[in-house]
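The values are calculated or read from the model by the stated rules, or taken from the named source; none is laboratory data. Because the structure is a prediction, the values reported are computed rather than measured. Note that we place each Cβ from the backbone using ideal geometry, even for glycine, and neighbour counts take in every protein chain shown. Ligands, DNA and RNA are stripped out before the accessible areas are found, and what is left, the full protein with its side chains, is counted by its heavy atoms. Shrake-Rupley method; radii C 1.70, N 1.55, O 1.52, S 1.80 Å.
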Amino acid sequence: MSTQGSLKVTTPSDREVALVREFDAPRRLVWAAYTKPELMKRWAGGPPGHTLRLCQIDLRVGGRWRWEVEAPDGSVMGLGGRYLEIVPEERLVSTDEFDQPWYEGDATSTITFEEHGDRTTLTMLLRYASRQVRDFVLKTPMETGVNAGFDRLAELVAQPSLFE
């Protein structure tokens, strides 16, 4: 287990990585920031200098999502997937597919939103094809990028007027 900023990273099984972050905001705001493209573009995309230049969300079971993340050097990473399960304001399950796969096999992402008073705990559970893939992903800067994005998400949800 590691902690970067207020992001907690664990390995609950030999194929999974769990990333957990608490936000000082009600669940409806965190959900909206995670499911509305115009809000996602304000926080998602990874480390500083990276931009989520394209964000498409067809929020329905079987619908697709797509991101294009542009790095400071102009390179672009494209990724997307298909929604497998949606429970509004509680749970999103989707596949994760990269345009240029950098690990073997498929991945599934399960994101849960748990409200505790005026705070929300977001848990992202990533399931990979094997332990080797999981361990490979853990050695990448994924944790740094997720933490940077979640820092921006925390700033965004602290401004409820942006959600009206």
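Quick notes on this one:
- Residue count for the range 91-106 under the criterion of being in contact with a strand residue (DSSP E or B) (Cβ under 8 Å, 6 or more places away or on another chain) and free of Cβ contacts under 8 Å to residues at least 24 places away in the same chain: the result is 8.
- Restricting the range 91-121 to residues that are closer than 19 Å to W31 by Cα and outside any strand (DSSP E or B) leaves a set whose member that is least open to solvent (accessible area, probe 1.4 Å) is G117.
- Among the residues of the range 11-32, just one is charged (D, E, K, R), in a helix (DSSP H, G or I) and crowded, with 19+ Cβ neighbours inside 10 Å, namely R27.
- Residues in the range 140-162 that are part of a helix (DSSP H, G or I) and of a type in the set (S, T, N, Q) were compared, and the one that is modelled with the highest pLDDT is N147.
- Contacts under 7 angstrom Cβ, first residue in the range 50-70 being of a type in the set (S, T, N, Q), partner open to solvent by 40 Å² or more (accessible area, probe 1.4 Å) and part of a strand (DSSP E or B), 6 or more apart: T51/E70; Q56/R66
- The set of residues from the range 42-63 being surrounded by 14 or more Cβ atoms within 10 Å (Cβ to Cβ) and part of a strand (DSSP E or B) comprises T51, L52, L54, C55, I57.
- Residue in the range 81-90 that is farthest from H116 (Cα to Cα), counting only those that are in contact (Cβ under 8 Å) with a residue 24 or more places away in the chain and outside any loop (DSSP other than H, G, I, E, B): G81
- Which numbered condition V137 misses (of (1) in a strand (DSSP E or B); (2) within 18 Å of L19 (Cβ to Cβ)): (1)
- Leading residue by the ranking (least open to solvent (accessible area, probe 1.4 Å)) among those in the range 138-164 that are farther than 28 Å from A107 by Cα and among the acidic types (D, E): E155
- Condition check for R66: open to solvent by 50 Å² or more (accessible area, probe 1.4 Å) and either β-branched (V, I, T) or assigned to a loop (DSSP other than H, G, I, E, B) (or both): no
- Subset tally (residues that are within 17 Å of the chain's Cα centre (by Cα) and either closer than 20 Å to H116 by Cβ or modelled with pLDDT under 95 (or both)) for the range 1-24: 13
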